[in-house]
Each structure stands twice: as structure tokens, then as C-alpha cells.
């Protein structure tokens, strides 16, 4: 088996959660393999960025962005630098609240060193689940029988909280598609890698814990709905995107009968905005003002 050539490059994307980011940094610094850790601040508020300065231990690299570029855009800033430096064959990207167990990165690295066609891998969440994707039903997580520790299982897409990429894979397929902004871009880049002939896998026994998303639910609903439609067209066909949009509208109608109050209206409004923006070709940063208006505030 080939040996690793120096520390793993790790990019941790931070936005307005300095305490959680500092906790994640400690988890990464406690890994059993050497790493080069860079925290990318994705346009946080000045007071949050200052708090991050105070919370991070000495020696952690920083890359500060002037605006929130989204998940893909923020990580792409670091990945472009890494590709240009020509240092190392594997890069890891993670959310600022990802908490890997000590052996996590070592297991991912070992799997990729054993198989030169593994383009993208991720750990598991500590629960027996397997990601599945179809253009109409979209990205799903299905319960599974637990696998043996160290088993490398090919999957439709990998978990987004923590992902490891092979340099040659990114050089061939490109970086995150910034049209997605957040939620779904990890699915898309995995599908793109597999379409180009690279393998995607989860390494069982390599575990990361990722607390629940802090993104407001209307924004989360909007982003997943819009991403799902774009992926349905890209990795299916235009008619599959139409079918998926129709299912979303039916879902909205059912929820209108079952849910009362401003919270339910906000989610239905977000889904309608996502369908509108997909058909009009509006991607990137979501329409925050319109999503806020939809919740009655």
C-alpha cells in the first residue's frame, strides 16, 4: 500500500459559530494522523470573527472571505489554493460543527491510499445509514444493516459534514458547483465524480458527529428544494425535474390541509420560491428577504 506524503490538508468552513468551530478544531487537532488545518471564515459578522480569533488555538491557519459565498463557494476558495500549491494528494473539507472521532481521518486516508480510484469518501454518522439518490425522489438516507469496521462501501453520494477528495479527481471534474450555494452541493459533486468514473464511498467505523443544522427551516427547505430540481435535470432529464416539481406542489397542498399557523405557511412559501427560482434560472445566494416575508415577520 502506498504511504501518505505529509499532513492531510483540512479545510473547516466557519460562519458565525465561533464556539462550535473551536470545538471542532480541537477534534481535528486530536486526530491520529498529522494534518494541516485551515479555518475558512465565510464572511462572518465582525463580532463573530473577533470571537473566533480568541477561540482558536495558536498555529491554526485562517482564510478570511469578505462575504458569505455559501458552502461550495467558501470551500472552493481553499481548494483552489490547495490545488495550486501541489501539496498532498488528499484534501478534507468539513463543516464548522463536525466532530470526528480520533481515528476518523486515518481511516479515510487509508481507504483512499488502498484504492487509487476512490475520488471522494466520507465517514459514517455512527448510525447504520446508506445514502441513495434518484432524480425524482432526490437524495435520501436509508437505514441499513451495520457493516464491519473498516468496510469501504460504494454509495450514490457521500455525507456532506466531512468529505475527503483525491487531488486527481478534483482536477478532472472541477470544484463545488456554486449555483447550489448550500445543501445539495455535496450530493452533486459526488454524482459528478461518479459520472466521470471515480468511486465514491463511506468508510464504516470512521465516525463524525454533526449536530443538527442551525439554518432556519424556510431557508433550508428552499435550498434543498431548489437543489433537488437542478440535480433532477442535470442527472436525470428536464421531464424528471417537472415530475419532481409536481410532487413538491402536491406535498405543499397536503401540508396546507394538515398544518396551520405561520410556520407551515413559511415552509410552503419557501418551496414555491424554490420552484419559481429554478424555472427562472436563479441560483446562488437564496432570496433571504422573500423567505423572511413568508414566515409572517
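The values are calculated or read from the model by the stated rules, or taken from the named source; none is laboratory data. Just so you know, these numbers come straight off a predicted model, no measurement behind them. Because the Cβ atoms are built from the backbone with ideal geometry, glycine has one as well, and the counts that use them run over all protein chains shown.
For the structure I just gave you, tell me whether residue 70 is crowded, with 20+ Cβ neighbours inside 10 Å, modelled with pLDDT of 95 or more and over 24 Å from residue 155 (Cα atoms).
Considered against the rule, which asks whether it is crowded, with 20+ Cβ neighbours inside 10 Å, modelled with pLDDT of 95 or more and over 24 Å from residue 155 (Cα atoms), residue 70 comes out as yes.
Identify all residues within the stretch 109-157 that are under 20 Å from residue 224 (Cα atoms) and surrounded by fewer than 12 Cβ atoms within 10 Å (Cβ to Cβ); write none if there are none.
142
Here is a check on your reading of the model: is residue 182 within 29 Å of residue 146 (Cβ to Cβ), crowded, with 23+ Cβ neighbours inside 10 Å, within 15 Å of the chain's Cα centre (by Cα) and in the same structural domain as residue 130 (by TED's automatic domain parsing)?
Answer is no for this residue.
Scan the stretch 30-58 residue by residue and report those that are touching a strand residue (DSSP E or B) at 6+ places or on another chain (Cβ under 7 Å) and within 15 Å of residue 96 (Cα to Cα).
37, 38, 39, 40, 41, 42, 43, 44, 49, 52, 56
Given the criterion in a loop (DSSP other than H, G, I, E, B) and touching a strand residue (DSSP E or B) at 6+ places or on another chain (Cβ under 8 Å), identify the matching residue among 197, 205, 150.
So the residue among 197, 205, 150 that is in a loop (DSSP other than H, G, I, E, B) and touching a strand residue (DSSP E or B) at 6+ places or on another chain (Cβ under 8 Å) is 150.
Which of the residues that make up the stretch 89-108 are under 19 Å from the mean Cα position of the chain (by Cα), over 17 Å from residue 26 (Cβ atoms) and part of a helix (DSSP H, G or I)?
Selection gives 108 alone.
Does residue 59 satisfy the criteria of being surrounded by fewer than 19 Cβ atoms within 10 Å (Cβ to Cβ) and either under 21 Å from residue 157 (Cβ atoms) or at pLDDT below 95 (or both)?
Here the answer is yes, as residue 59 does meet what is asked.
Select, from 186, 168, the only residue that is more than 26 Å from residue 127 (Cα to Cα) and in contact (Cβ under 8 Å) with a residue 12 or more places away in the chain. Break it down stepwise before answering.
Details: 186 fails: more than 26 Å from residue 127 (Cα to Cα).
168 is the lone residue from the list that is more than 26 Å from residue 127 (Cα to Cα) and in contact (Cβ under 8 Å) with a residue 12 or more places away in the chain.
When you check residue 30 against the structure, is it buried (at least 23 other Cβ atoms within 10 Å of the Cβ), more than 14 Å from residue 165 (Cα to Cα) and modelled with pLDDT of 95 or more, yes or no?
When the stated conditions are applied, residue 30 does not pass them.
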